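The values are calculated or read from the model by the stated rules, or taken from the named source; none is laboratory data. Small disclaimer: the values here were computed from a predicted structure and weren't measured. Cβ sites come from the backbone with ideal geometry, for glycine too, and all protein chains shown count toward neighbours. Heavy atoms of the whole protein, side chains included, go into the accessibility calculation; ligands, DNA and RNA do not. Shrake-Rupley method; radii C 1.70, N 1.55, O 1.52, S 1.80 Å.
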2 protein chains.
Amino acid sequence: MRRMTARPANAHQARLLRLLRDHGPNSRAQLGDQVDLSRSKLAVEVDRLLETGLVVADGLAASRGGRRSHNVRLAPALRFLGIDIGATSVDVAVTNAELEVLGHLTQPMDVREGPVAVFEQALALAGKLKASGVAEGFDGAGIGVPGPVRFPEGVPVAPPIMPGWDGFPVREALSQELGCPVMVDNDVNLMAVGEQHAGVARTVQDFLFVKIGTGIGCGIVVGGEVYRGTTGSAGDIGHIQVEPDGRPCACGNRGCLEAYFGGASLARDAEAAAREGTSPELAARRAAAGTLGAPEVAAAAAAGDPVALDLIRTGGSRTGQVIAGLVSFFNPGLVVIGGGVTGLGHTLLAAIRTQVYRQSLPLATNNLPIVLGELGQAAGVTGAARLISDHLFSPA
Amino acid sequence: MRRMTARPANAHQARLLRLLRDHGPNSRAQLGDQVDLSRSKLAVEVDRLLETGLVVADGLAASRGGRRSHNVRLAPALRFLGIDIGATSVDVAVTNAELEVLGHLTQPMDVREGPVAVFEQALALAGKLKASGVAEGFDGAGIGVPGPVRFPEGVPVAPPIMPGWDGFPVREALSQELGCPVMVDNDVNLMAVGEQHAGVARTVQDFLFVKIGTGIGCGIVVGGEVYRGTTGSAGDIGHIQVEPDGRPCACGNRGCLEAYFGGASLARDAEAAAREGTSPELAARRAAAGTLGAPEVAAAAAAGDPVALDLIRTGGSRTGQVIAGLVSFFNPGLVVIGGGVTGLGHTLLAAIRTQVYRQSLPLATNNLPIVLGELGQAAGVTGAARLISDHLFSPA
């Protein structure tokens, strides 16, 4: 099919498209209740959207008395591509215009191989999704990368764990490859947006999304919008100091959070416990799996291994120590914990909660839920689809 | 005179009033360049504002070719009252409609005496300013208090250093006393707004204002607007942990920033140094002044006393440790340091800068100025006047 070429001509049309995206098919009458437009002006804007093909008629609505109103919906053929590049894996998903995930593939990947190799894999996954029949093409793509992004240009800047990515024109290059508009953001920001769109943060205006993956990062949402900071590095909490003159960190400083927790630190500490014989349980799992990471530590903890439990508890406590400070500073309405390491489950969450509730001021924590994300691995790709749809559903 | 009773009737009028407040008298033609209004609609709105008396004619503007345009300005008789209640002092100032300070009085005060006693003093100072002839009455008042505020209602909530203030209806009570509209905010938020309006932060959209007074707090400005958090306690950084299991703090926790620095901690540590004989210099100043606080420590440091210098350096370093984390998290475009303890001057600023530049990520600090505020003690009252003028210059 011909891909989406039209864009909303004005702010009213953009608002109508977002309403149809977020709430699904709707009657003209009900749309009229939600936008500040006269009946006749609304009719004009909806008719124009119908002409562009972005919106299609969808039968008659249930009667509200008087003449029955017509339903409209976003074009059913619209397809968004969401790509979530982590440090060690890539997720690719296709959504419809309402951002429902129609297909989702994931595979291990090393971001250090550089943008060319990584995008080759991502595009191959996108091709597989196309071949599976969920999409004939893509109307737009959103992409998350595990580092700071100069947002308007879609270019990673000085990404510490991404050698070869600094200044790479991700947006431009992928737009050319895919033949559709592309938007790029930090992966944690997109996970926050995903949870806001379809997950646990749907009704919250100001919240933090803390991703504990290989590293630790934070998405900040203020008044419903992602806050990216002056140079796009806001939320880079992995190198906040938790111990003056503490453990050396890969960044060159000492005592950073990531020197104590996150997937990389956890794997290192678990390896040490296996090697040094303090945990026969972890040593056995290392022998069986050939490696030790969050899943093996989680399994060992579930089997009652005290060393594994202690690794999770102290790591959660260190993370909670940083979150406590952020809660005092930012006074959010919700803290969401996500990322691969959340497989550590309730022990981790309990350690984080204990530290935050103990250390932050009561006024900031009285009504503060600290919860796991709802979307799991789909948070990033959902946020990516939302990002590009926000862009396309804006006045040209 | 009759006080301001009119309010702008719509968003265009509100915008015009704020332009005249922020940029002073202006010609109709130049105002037209700055608002998105046709010449005829602009004329209608300006004429309506002239009818209300909020705006007055101010002679003919310089020619730009063609017919000369008329100047307009805000009514010269408009007066705003700014009240800044700190932990140990109260500042009261009167401004004109352009928020220029026409008179400013300050006196020592103890916030723990409770709202009734404190407002008695503040109102007495306001009366003195009236008597001095700078104002016949007040068209509105803004008030800052040293604790969290439920903003829309103007009521302090659970203020830790303000016994007797919890739930006191500051806005309502003062509005009745003064016979004019009143708005209330946290004092540090207002200092941030003051520096944004007339000080060092005029051109910055996202910045932090760190007040080091008796305690330590932070004003957060996001996209030009104060961010107050979900329950109004955002910026409460004095109890962020800087040392796990560190010094006991008055809040009941251990290792909080305020256990190490701020006016109260500094006075306690200086007293100890004087008492224990480690600093004869501080002991001598204590004997002379009867007390030891930031001014005495500053003077001792200026005289080369190593103990005083060390108190400032380690305190600044602890403060820098917290700011470093906030910079990584928030990625601001500017950090402003203000409050009474800034009398400690360059030694303090250098210690803070050293810690932040060493500990935060380079991407967040590359272009990050860390500077002292420009307005000194006028920051809070200027911000207070700005707060009430924002309220009055909004559509009714």
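List of remarks:
- Leading residue by the ranking (nearest to A:Arg275 (Cα to Cα)) among those in segment A:304-332 that are among the β-branched types (Val, Ile, Thr) and more than 14 Å from chain B (Cβ to nearest Cβ): A:Val307
- All told, A:Gly373 falls short of being more than 14 Å from chain B (Cβ to nearest Cβ), in contact with a Gly (Cβ under 7 Å, 6 or more places away or on another chain), open to solvent by less than 10 Å² (accessible area, probe 1.4 Å) and under 27 Å from A:Leu105 (Cβ atoms).
- Filtered residues of segment B:196-212 (kept if surrounded by fewer than 24 Cβ atoms within 10 Å (Cβ to Cβ) and either within 9 Å of another protein chain (Cβ to nearest Cβ) or out of contact with any Asp or Glu (no Cβ under 6 Å at 6 or more places or on another chain) (or both)): B:His197, B:Ala198, B:Arg202, B:Thr203, B:Val204, B:Gln205, B:Asp206
- Top-ranked residue in segment B:142-195 [being free of Cβ contacts under 8 Å to residues at least 40 places away in the same chain and among the polar types (S, T, N, Q); ranked as least open to solvent (accessible area, probe 1.4 Å)]: B:Ser175
The rows are residues; the columns are (1) open to solvent by less than 20 Å² (accessible area, probe 1.4 Å); (2) touching a strand residue (DSSP E or B) at 6+ places or on another chain (Cβ under 7 Å); (3) in a helix (DSSP H, G or I); (4) within 27 Å of B:Val90 (Cβ to Cβ).
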residue	(1), (2), (3), (4)
B:Ala283	no, no, yes, no
B:Val297	yes, no, yes, yes
B:Arg313	no, no, yes, no
B:Ser317	no, no, yes, no
B:Val322	yes, no, yes, no
B:Leu326	yes, yes, yes, no
B:Thr354	no, no, yes, no
B:Arg358	no, no, yes, no
B:Thr382	yes, yes, yes, yes
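- Looking only at segment A:126-141, residues that are of a type outside the set (Val, Ile, Thr) and open to solvent by 20 Å² or more (accessible area, probe 1.4 Å) come to 7 in all.
- Residues satisfying the stated conditions in segment A:221-247, i.e. within 20 Å of A:Gly320 (Cα to Cα), open to solvent by 20 Å² or more (accessible area, probe 1.4 Å) and outside any loop (DSSP other than H, G, I, E, B): A:His239, A:Gln241
- Residue count for segment A:384-396, restricted to those that are touching a helix residue (DSSP H, G or I) at 6+ places or on another chain (Cβ under 7 Å) and open to solvent by 10 Å² or more (accessible area, probe 1.4 Å): 4
- Given (1) under 27 Å from A:Lys211 (Cβ atoms); (2) more than 8 Å from chain A (Cβ to nearest Cβ); (3) open to solvent by less than 10 Å² (accessible area, probe 1.4 Å); (4) assigned to a helix (DSSP H, G or I), number of the condition B:Val335 does not satisfy: (4)
- All positions within segment B:360-370 that are open to solvent by less than 50 Å² (accessible area, probe 1.4 Å), over 22 Å from B:Leu311 (Cα atoms), not small (Gly, Ala, Ser) and not in a helix (DSSP H, G or I): B:Leu361, B:Leu368
- Listed by first and then second residue, the pairs with beta-carbon distance under 7 Å, at least 6 apart or on different chains, first residue in segment B:82-99 and in the same structural domain as B:Ala124 (by TED's automatic domain parsing) and in a loop (DSSP other than H, G, I, E, B), second open to solvent by less than 20 Å² (accessible area, probe 1.4 Å) and polar (S, T, N, Q), are B:Leu99/B:Thr382; B:Leu99/B:Ser389.
- Looking only at segment B:342-363, residues that are away from chain A (no Cβ under 14 Å) and in contact (Cβ under 8 Å) with a residue 24 or more places away in the chain come to 11 in all.
- Long-range neighbours under 7 Å by Cβ, at least six apart or interchain, first residue open to solvent by 10 Å² or more (accessible area, probe 1.4 Å) within segment B:1-30, second β-branched (Val, Ile, Thr) and assigned to a loop (DSSP other than H, G, I, E, B): B:His12/B:Val35; B:Arg15/B:Val35
- Any hit, segment B:107-121, residues being touching a strand residue (DSSP E or B) at 6+ places or on another chain (Cβ under 8 Å), open to solvent by 20 Å² or more (accessible area, probe 1.4 Å) and in contact (Cβ under 8 Å) with a residue 40 or more places away in the chain: no
- Test: residue in segment A:163-171 that is away from chain B (no Cβ under 14 Å) and touching a Lys or Arg at 6+ places or on another chain (Cβ under 6 Å): yes
- Some residue of segment A:254-273 being free of Cβ contacts under 8 Å to residues at least 12 places away in the same chain, open to solvent by 30 Å² or more (accessible area, probe 1.4 Å) and not basic (Lys, Arg): no
- Checklist (1) within 14 Å of chain B (Cβ to nearest Cβ); (2) on the phi > 0 side of the Ramachandran plot; (3) touching a helix residue (DSSP H, G or I) at 6+ places or on another chain (Cβ under 7 Å) applied to A:Gly154, failing item: (1)
- Candidate set from segment A:31-70 (those that are open to solvent by less than 60 Å² (accessible area, probe 1.4 Å) and β-branched (Val, Ile, Thr)); member that is modelled with the lowest pLDDT: A:Val35
- Annotation note: Cβ proximity below 8 Å between a residue of segment B:375-388 that is under 10 Å from B:Ala141 (Cβ atoms) and a residue that is in a helix (DSSP H, G or I) and at pLDDT 95 or above (sequence gap 6+ or interchain) occurs for B:Ala384/B:Leu190; B:Ala384/B:Gly194; B:Leu387/B:Leu190; B:Leu387/B:Val193.
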